[in-house]
Number of protein chains: 2
Amino acid sequence: MSSKPGISFIGLGAMGFGMATNLVKQGYTVRGFDVWGPALYKFRGVGGQGAATPAEAVRNLPHCVCMVATMQQAQEVLFQGPSPAAKALPQGATLLLCSTVPAAYVQGLEEQLKKEGRGDIFLVDCPVSGGAGRAADGTLSIMASGSEAALAKARFLLQEMSDPAKLYMVKPEGSGQRGIGMGSNMKMCHQVLAANQILAASEAMGFAARMGLDLTKVGQEVIKSDAWSWMFENRLPRMLHPENKSIASAVTIILKDTSIITAQGRLLKFPTPMCSVAEQVYFASLSRGYGADDDSSLIRLYTEGAENVGKVQGEVTDEGAKVQLVIKLLKAIHLCSAAEAIRFGAHVGLDLDQLSELCNAAAGGSKLFETAGAVIIRNLRAGNGSRGWPADTVSLGDVTQDLQEAVDEAQRLKCPLFLGNQALNLLTMASRSVQSGSEAAEGSVVTNWCAIT
Amino acid sequence: MSSKPGISFIGLGAMGFGMATNLVKQGYTVRGFDVWGPALYKFRGVGGQGAATPAEAVRNLPHCVCMVATMQQAQEVLFQGPSPAAKALPQGATLLLCSTVPAAYVQGLEEQLKKEGRGDIFLVDCPVSGGAGRAADGTLSIMASGSEAALAKARFLLQEMSDPAKLYMVKPEGSGQRGIGMGSNMKMCHQVLAANQILAASEAMGFAARMGLDLTKVGQEVIKSDAWSWMFENRLPRMLHPENKSIASAVTIILKDTSIITAQGRLLKFPTPMCSVAEQVYFASLSRGYGADDDSSLIRLYTEGAENVGKVQGEVTDEGAKVQLVIKLLKAIHLCSAAEAIRFGAHVGLDLDQLSELCNAAAGGSKLFETAGAVIIRNLRAGNGSRGWPADTVSLGDVTQDLQEAVDEAQRLKCPLFLGNQALNLLTMASRSVQSGSEAAEGSVVTNWCAIT
């Protein structure tokens, strides 16, 4: 018998299985539940225990990790099924909700537990990031929030599952309110970058293909440039070799998170123009049967049917100039993506330094987020009236003009640029809001982004 | 021999052939040119004369009508081909450019004629609207601009080709500059409505289909409601009976005009967020091989592959409530469409009463344009600070909330709403720009639209 506390684990999918197995390896007694029988069988094979219902899994064990895929599933296993977990959790149990859910859901969950007489449960809102490999290694990124007491009780478990450098006890900006929902908000704001930048990679490479560029070459150029993003570099090999049909992250995964962002935006009356357009493209690709495919495969939305568009003639003939258009397109999208993520983070009261640190070290990272993002945060804190988009990075006018060149050429080639056109309209609105105000035209992107959002 | 003046006619396509044939019927000698030989053969069959080159068509005839499809074609027939028309036009000839082109193109054309020593030519910028039937009947809508002298010389021809109530000598707002380009700008602003509302019809009916509604019934409900638009009513029969494969207006046609809008927007640094997203959807459908199909067939972008989206569950079960969601979606899109068209019209200096009169009587018409459009124009003229979105129409808050219900449900059904989501983000930005300013939250849409554009 292990002297370590017993843990129940609900949801043994790609992520959950690895996380639960890692806990077994660390010497914990882990009792798992999953609706899919073979997962339980497999879990027993690696030393775990299996339970037939959520209630059976959690009974008498002081800690429960819930790693189901959606808030609907969380609601089902906790309250709605025939043997739900919430009632069966022992007195004073810790409940770690690791699923990516809207902050509003996990806040409502705290209320619901109280209403159902389970205010004794220590709820921790702690979505994770990092993929199945890091889940199994116990080196995930984790964004945790909850009461001080709940965090104190859960800390050892969070530490077992995470990389020490990537365990974030999510902080509010300034003297803001700490508590449940902050972890989910942090994950959400990171996913703003993911949602935009996953599609951006396909859009940029699709545009490159339509211009007749060698995708391997342009991919290398992008990675060396200010248009670099973690997502671009990560998706590139699968985009270059679609014949491998390698699936690292399915379209449905990023779609789910994108919908959380836009839904939370609607709830808070906060605009998410970049993510919204990405979401519609993801929905459209889902309808086409691409949901289970790797998200890098969405390049086909841009490359398909070039033979159907009729005779087109671009104006840019120089290969280097074409590569630059791809880079200009991505830089502008990444800038708008950074502004959207940071502005949303500020709106939900996140500590922007922590958001920045987390994103720069994670899959949402981009060169533009790192450089322009820092300026955006500085200006946001200084208040809307602040100038200060530094001349040594890039001016709003320049980035808009650069993007316009890419959009012009794509229009000549009749190539859709969903994100590129959205970014251009947003940057144009931002420029106009400055010109019509008292600011100089070269005002900061964030000043203007604030003016329009 | 006719005593009426001789006319050359370049471009004998669906529209041009009818227009030229009508002139023949009215007793004019018409010498036509088209790159497609059979058109010339057919034109001879209805009493016209044929020419082998543009130069041959225009030689010694005092009036020339150019009705080619694009500015590229206009440039080709006027200047670039082996026997271009511009050099061959007789001294002091009238040149009516009826093609839909960017205002910047026809303004540049005036300059180019001067530079090439043909400042003697009386150029008229006079795009048309109304379809092939009205072209053949000589009852088109025509939006004409040019010098007073050119308009005086061309008036008889414009009258032959148009419905007397629909011949617009395009006026500037207030004491603005009159001249070449105003006609094209008027056409462009009308086409903002067309571009948005053609796609909106497919989006709304596709959403209705995903909710399981009877499309015939919901179509009738929409037509009776404030969500009515000319485009919706016109496209509905073809949408309900796609098996007829009836082609009234191909996707490529509205795509061409949409690209003129967005390109002109980029040139003027003016945002066109609704048309831009419509354009990307049109490009995507072009790539899929739908370019030559009737634009009403784009409903399939929304209805296809419902079997691929997995298990979804809407929250709205009442049939009447579902129909209302469709109506709410369309109303909000039409409101944003009206704001985009009017705001762009104001930006390019059009007389807004004339724009309003023209759009209400044409294919861009909608119930929202008629009602809210009038308020938007009144408020625009009163200046940005004005309130006055009247309580008896609809408040910005209500229309946003209504649209949000539709977007929420579509998200649950995983149904893309490209325009609906764009409209919601714009309305949300508009609401926020008011709340952050000194205005009351129920400020007018146009006040806010101005703030963000």
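Residues of segment A:123-152 that are within 20 Å of A:G16 (Cβ to Cβ), of a type in the set (A, V, I, L, M, F, W, C) and either assigned to a strand (DSSP E or B) or open to solvent by 20 Å² or more (accessible area, probe 1.4 Å) (or both): A:L123, A:V124, A:V128, A:A132, A:A136, A:L140, A:I142, A:M143, A:A144.
Scanning segment A:181-200 turns up no residue that is in a loop (DSSP other than H, G, I, E, B) and open to solvent by 20 Å² or more (accessible area, probe 1.4 Å).
Going by the conditions given, is A:A372 part of a helix (DSSP H, G or I) and either surrounded by fewer than 21 Cβ atoms within 10 Å (Cβ to Cβ) or at pLDDT 85 or above (or both)? Yes. Here A:G130 passes the criteria (1) at pLDDT 95 or above; (2) closer than 20 Å to A:N360 by Cα except the one numbered (1). The listed residues are B:R266, B:R178, B:R235, B:R210, and the only one of them that is outside the structural domain of B:L96 (by TED's automatic domain parsing) and touching a strand residue (DSSP E or B) at 6+ places or on another chain (Cβ under 7 Å) turns out to be B:R178. Taking segment A:280-289 as the search range and keeping residues that are out of contact with any Pro (no Cβ under 8 Å at 6 or more places or on another chain) and more than 7 Å from chain B (Cβ to nearest Cβ), which one is nearest to B:L427 (Cα to Cα)? Result: A:Y282.
Report, by residue number, each residue of segment A:317-354 that is of a type in the set (V, I, T) and under 23 Å from A:Q404 (Cα atoms). Answer for segment A:317-354, where residues must be of a type in the set (V, I, T) and under 23 Å from A:Q404 (Cα atoms): A:T317, A:V323, A:V326, A:I327, A:I333. The residue pairs whose first member lies in segment A:395-406 and is within 18 Å of A:V375 (Cβ to Cβ), whose second member is surrounded by fewer than 19 Cβ atoms within 10 Å (Cβ to Cβ), and whose beta carbons are closer than 7 Å, counting only pairs six or more residues apart or on different chains, are A:S395/A:E442; A:L396/A:E442; A:G397/A:A441; A:G397/A:E442. Applying the condition of being in a loop (DSSP other than H, G, I, E, B) and more than 9 Å from chain A (Cβ to nearest Cβ) to segment B:295-312 and asking which residue is least open to solvent (accessible area, probe 1.4 Å) yields B:V312.
So that you can scan it fast, the table gives a plain yes or no per residue for (1) assigned to a helix (DSSP H, G or I); (2) closer than 12 Å to A:L199 by Cα; (3) under 13 Å from the mean Cα position of the chain (by Cα):
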residue	(1), (2), (3)
A:E233	yes, no, no
A:I247	no, no, no
A:L255	yes, yes, yes
A:A263	yes, no, no
A:P271	no, no, no
A:V277	yes, yes, no
A:V281	yes, yes, no
A:S285	yes, yes, no
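Would you say B:G130 is on the phi > 0 side of the Ramachandran plot and either outside the structural domain of B:T262 (by TED's automatic domain parsing) or out of contact with any Lys or Arg (no Cβ under 6 Å at 6 or more places or on another chain) (or both)? Criteria met by B:G130.
Exactly one residue out of A:K311, A:K331 is over 17 Å from the mean Cα position of the chain (by Cα) and touching a residue at least 24 places away in the same chain (Cβ under 8 Å), and it is A:K331. Which residues, taken from segment B:153-173, are open to solvent by 60 Å² or more (accessible area, probe 1.4 Å) and touching a helix residue (DSSP H, G or I) at 6+ places or on another chain (Cβ under 8 Å)? Correct list: B:K171 only.
For (1) in a loop (DSSP other than H, G, I, E, B); (2) open to solvent by less than 10 Å² (accessible area, probe 1.4 Å); (3) touching a residue at least 40 places away in the same chain (Cβ under 8 Å); (4) closer than 19 Å to B:G131 by Cβ, each residue gets a yes or a no:
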site: B:S3; (1), (2), (3), (4): yes, no, no, no
site: B:S8; (1), (2), (3), (4): no, yes, yes, no
site: B:G16; (1), (2), (3), (4): no, yes, yes, yes
site: B:M19; (1), (2), (3), (4): no, yes, yes, yes
site: B:N22; (1), (2), (3), (4): no, yes, yes, yes
site: B:G32; (1), (2), (3), (4): no, yes, no, no
site: B:Y41; (1), (2), (3), (4): no, no, no, no
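Somewhere in segment B:354-363, is a residue modelled with pLDDT of 90 or more, open to solvent by less than 30 Å² (accessible area, probe 1.4 Å), closer than 20 Å to B:F232 by Cβ and assigned to a loop (DSSP other than H, G, I, E, B)? Yes - at least one qualifying residue is present in segment B:354-363.
Residues of segment A:252-279 that are β-branched (V, I, T) and within 9 Å of chain B (Cβ to nearest Cβ): A:T252, A:T262, A:T272, A:V277. Just one of (1) more than 26 Å from A:E173 (Cα to Cα); (2) part of a helix (DSSP H, G or I); (3) open to solvent by 10 Å² or more (accessible area, probe 1.4 Å) fails for A:T317. It is (2). Scanning segment A:1-47 for residues that are more than 18 Å from A:A154 (Cβ to Cβ) and basic (K, R) turns up A:K25, A:K42, A:R44. The single condition from (1) within 13 Å of chain A (Cβ to nearest Cβ); (2) assigned to a loop (DSSP other than H, G, I, E, B); (3) open to solvent by less than 50 Å² (accessible area, probe 1.4 Å) that B:A292 fails is (3).
Residue-wise test of (1) out of contact with any Asp or Glu (no Cβ under 8 Å at 6 or more places or on another chain); (2) in contact (Cβ under 8 Å) with a residue 40 or more places away in the chain.
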residue	(1), (2)
A:I180	no, yes
A:M186	yes, yes
A:A194	no, yes
A:I198	no, yes
A:A201	yes, yes
A:D214	yes, no
A:G219	yes, no
A:I223	no, no
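Would you check if there is a residue in segment B:96-108 being open to solvent by 50 Å² or more (accessible area, probe 1.4 Å) and assigned to a strand (DSSP E or B)? Scanning segment B:96-108, I find no residue that is open to solvent by 50 Å² or more (accessible area, probe 1.4 Å) and assigned to a strand (DSSP E or B), so the answer is no.
Checked against the criterion of being at pLDDT 95 or above, under 30 Å from B:K187 (Cβ atoms), buried (at least 23 other Cβ atoms within 10 Å of the Cβ) and within 14 Å of another protein chain (Cβ to nearest Cβ), the candidates B:A410, B:A406, B:A451, B:A423 yield just one match: B:A423.
The values are calculated or read from the model by the stated rules, or taken from the named source; none is laboratory data. Since this is a predicted model, take the numbers as computed values, not measurements. Ideal geometry is used to build each Cβ from the backbone, glycine not excepted, and the neighbour counts take in all protein chains shown. To get the accessible areas, we keep the full protein, side chains included, count just its heavy atoms, and leave off ligands, DNA and RNA. Shrake-Rupley method; radii C 1.70, N 1.55, O 1.52, S 1.80 Å.
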